[in-house]
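Below is one structure, written out as structure tokens, with a few remarks after it.
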Amino acid sequence: MIIQPKTRGFICTTAHPEGCAQQVQRQIDYVNAKPSIEGPRNVLVIGASTGYGLASRIVSSFAAGANTVGVYFDKAAEGARTASAGWYNSAAFEEAAAAAGRKSYSIVGDAFSDEIKAKTIDLIRTELGQIDLVVYSVASPRRTHPKTGETFSSVIKPLGGTYTNKTVNFHSGEVSQATIEPATEDELRQTIAVMGGEDWQMWIDELQQSGALSDGATTVAYSYIGPEITHAVYREGTIGAAKNDLEATAHRLNAQLGANGGRAFVSVNKALVTQSSSAIPVVPLYISALYKVMKEKGIHEGCIEQMYRLFSERLYGKSETLVDDRGLIRVDDWEMRPEIQAEVADVWAKLSTENVYGLSDLEGYRREFFQLFGFETDGIDYEADVNPEVNITNLR
């Protein structure tokens with residue numbers, strides 16, 4: 001079939017297998033051109049098929065030479081419907097890992113469930129013995145609690161008052177005002193249940209209790225803080241409350257794993273074009289302004305550059321892992337440089353529909369969005385007939 005992008009809001013409902021494969025290969029090529037990392041040997045990535053999770057798996061496998069297990073919730077092609085981008089990404093990763101002589105295994109299902117945890121642990125014990133790095137990179141709008149059966153839904157809302165600021169329709173380029181009403185107490189509770197640290201804690205507990213986690217193991221989860229422009233809807237909103245819970249969990253896990261020489265961290269990463277960030281009002285416009293400034297200064301990074309720097313300089317660098325006064329690893333440090341933020345703030349004040357393409361990198365944002373789904377990738381003939389049915393080797 002000929003596969004073209006079809007969008008619904010901030011979601012693309014189709015994905016292109018060859019484009020996704022080429023995006024994965026680009027990340028692998030970047031890592032292969034870098035010095036190797038003396039790091040983990042067996043890695044579990046929970047949320048492994050896109051964004052920072054996928055990049056973490058690539059760095060683990062191709063920079064550190066590690067065996068990996070990826071857990072993710074993606075769908076295969078069915079009838080006239082393409083597979084999800086994460087499915088195609090994972091298929092490409094598995095093929096490349098096998099060609100490089102790395103062990104890799106994929107488990108597709110609900111990472112929040114007891115069933116998938118048990119299945120993953122059984123695989124680890126059978127094929128790898130133990131895991132020495134656990135990356136927690138789950139991004140989901142909903143979670144069903146495995147013990148109570150309650151289903152929670154997250155919201156992206158401010159706390160305490162109505163929030164209004166600029167936003168952009170990155171398809172049309174229209175800059176407008178977004179007004180978001182504050183979250184209720186129950187919405188806040190549910191968002192923390194979905195995006196906080198409870199499930200991360202459950203994974204580590206079960207891995208430890210089963211003997212599948214090695215002494216001295218490291219675990220890391222990902223977060224974002226961002227500038228004042230986005231604080232009301234992000235860091236000081238419902239998502240921020242959930243991230244605070246994630247960070248509190250990291251402190252508990254650090255003490256828990258530390259008894260056996262292990263470590264737990266939250267890494268605060270740079271703002272990037274992801275399926276998740278595209279859904280947050282204000283954020284796409286901020287990222288567009290940020291990209292232009294950072295690209296002009298030659299310090300722009302994507303997921304793979306961020307994760308290589310996290311692994312090589314922070315988690316497995318030669319010196320002790322550097323954290324801030326809250327115990328957070330900060331690989332958003334280039335984004336948050338005062339001179340970068342001052343320039344972005346100056347651009348932000350001027351942005352309008354009339355000048356958005358000149359003052360920001362909105363076109364770059366839009367292109368990266370479609371590249372998440374395998375489109376607008378150089379070297380791909382999008383008029384050619386392709387088979388949407390792609391198998392994932394080592395799918396368990």
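What percent do you get for the relative contact order of the range 218-324 when only Cα pairs under 8 Å and 6+ apart count?
Dividing the mean separation by the residue count of the range 218-324 yields 25 percent.
For the range 36-166, rounded, prolate or oblate, judged on the Cα gyration tensor with a ≥ b ≥ c (square roots of eigenvalues), a/c < 1.5 rounded, else prolate if a/b > b/c?
In terms of gyration-tensor shape, prolate.
Please compute the alpha carbon radius of gyration of the chain, then divide it by the globular-protein estimate 2.2 N^0.38 Å. Two decimals is fine.
Expressed relative to 2.2 N^0.38 Å, the Cα Rg reads 0.95.
Which listed residue (Ile46, Met1, Gly160) has the Cα farthest towards the positive end of the charge dipole for the chain, taking +1 on Lys and Arg C-beta and -1 on Asp and Glu C-beta about the Cα centre?
The residue sitting farthest along the positive end of the dipole is Ile46.
Based only on other Cβ atoms within 10 Å, what is the fewest-to-most ordering of Leu359, Leu315, Leu395?
So the residues, fewest neighbours to most, are Leu395, Leu359, Leu315.
Under a point-charge model restricted to the Cβ atoms of Lys and Arg (+1) and Asp and Glu (-1), what is the dipole moment magnitude of the range 110-257 relative to its Cα centre, in debye to the nearest 20?
Rounded to the nearest 20 debye, it is 220 debye.
Convex hull volume of the Cα atoms in the range 186-248, per residue, in Å³?
So the per-residue Cα hull volume is 82 Å³.
Nearest 20 debye, what's the magnitude of the dipole of the chain about its Cα centre given +1 on Lys and Arg Cβ and -1 on Asp and Glu Cβ?
It comes to approximately 380 debye.
Kindly identify the range 1-83 as rounded, prolate or oblate by the Cα gyration tensor criterion: order the square roots of the eigenvalues as a ≥ b ≥ c, call it rounded if a/c is under 1.5, otherwise compare a/b with b/c, prolate if a/b is larger, else oblate.
prolate
Take Phe370, Phe152 and order them by how many other Cβ atoms sit within 10 Å, fewest up front.
The order, fewest Cβ neighbours first, is Phe370, Phe152.
With a 10 Å Cβ neighbour count serving as the proxy for reagent exposure, in which order, fewest first, do Asp245, Asp385, Asp114 appear?
Asp385, Asp114, Asp245
Given H placed 1.01 Å from N in the peptide plane, which residues other than close sequence neighbours of Thr144 have an amide H under 5 Å from its amide H?
Those lying under 5 Å, H to H, from Thr144 are Phe152.
Can you find, among Ile124, Val108, Tyr365, the residue sitting farthest towards the positive end of the charge dipole of the chain, where Lys and Arg contribute +1 and Asp and Glu -1 at Cβ?
Ile124
When the Karplus curve 6.51 cos²θ - 1.76 cosθ + 1.60 is applied with θ = phi - 60°, which whole-Hz ³J(HN,Hα) does each residue of the range 354-366 get, with x for Gly and Pro?
5, 10, 4, 6, x, 8, 10, 9, 5, 5, x, 4, 4
Using +1 at the Cβ of each Lys and Arg and -1 at the Cβ of each Asp and Glu in the range 158-316, identify which of Gln275, Ile204, Ala242 lies farthest towards the dipole's positive end.
Of Gln275, Ile204, Ala242, it is Gln275.
Viscosity 0.692 mPa s, temperature 37 °C: what is the translational diffusion coefficient of the range 320-396 from Stokes-Einstein with a Kirkwood Rh over Cα pairs, rounded to a whole number of µm²/s?
190
Just report the Cα centroid separation between the range 125-158 and the range 15-56, whole Å.
Cα centroid of the range 125-158 versus Cα centroid of the range 15-56: 20 Å apart.
Counting helices only, and only those DSSP H runs with n ≥ 4, report the 222 nm mean residue ellipticity of the chain as the sum of -39,500 (n - 2.57) divided by its residues, in deg cm²/dmol to the nearest 500.
Rounded to the nearest 500, the figure is -11500 deg cm²/dmol.
What is the dipole size for the range 270-396, taken about its Cα centre, with +1 at each Lys and Arg Cβ and -1 at each Asp and Glu Cβ, in debye to the nearest 20?
About 460 debye.
Which value, to two decimals, describes the C-alpha radius of gyration of the range 100-224 once divided by 2.2 N^0.38 Å?
After normalising by residue count via 2.2 N^0.38 Å, the value is 1.38.
Looking at the range 280-339, I'd like the Rg to Rh ratio, where Rg is from alpha-carbon atoms and Rh is Kirkwood's inverse mean 1/r.
1.02
May I ask what percent, to the nearest 5, of DSSP beta bridges between residues of the chain are antiparallel?
The antiparallel fraction comes to roughly 30 percent.
Using a Gaussian network model on the chain with a 10 Å cutoff between Cα atoms, which of Gly86, Gly39, Gly261 fluctuates the most?
Gly261
Kindly give Rg over Rh for the range 225-296, based on alpha-carbon atoms, with the Kirkwood expression for the hydrodynamic radius.
1.10
Please label the shape of the range 266-370 as rounded, prolate or oblate, based on the square roots a ≥ b ≥ c of the eigenvalues of the alpha-carbon gyration tensor (a/c under 1.5 means rounded; beyond that, a/b larger than b/c means prolate, else oblate).
prolate
Values in this text are rule-based calculations from the coordinates and carry no lab data. Bear in mind the structure is a predicted one, so any value in this text is a computation, not a measurement. In this analysis, Cβ positions are derived from the backbone assuming ideal geometry, glycine residues included, and neighbour counts consider all displayed protein chains.
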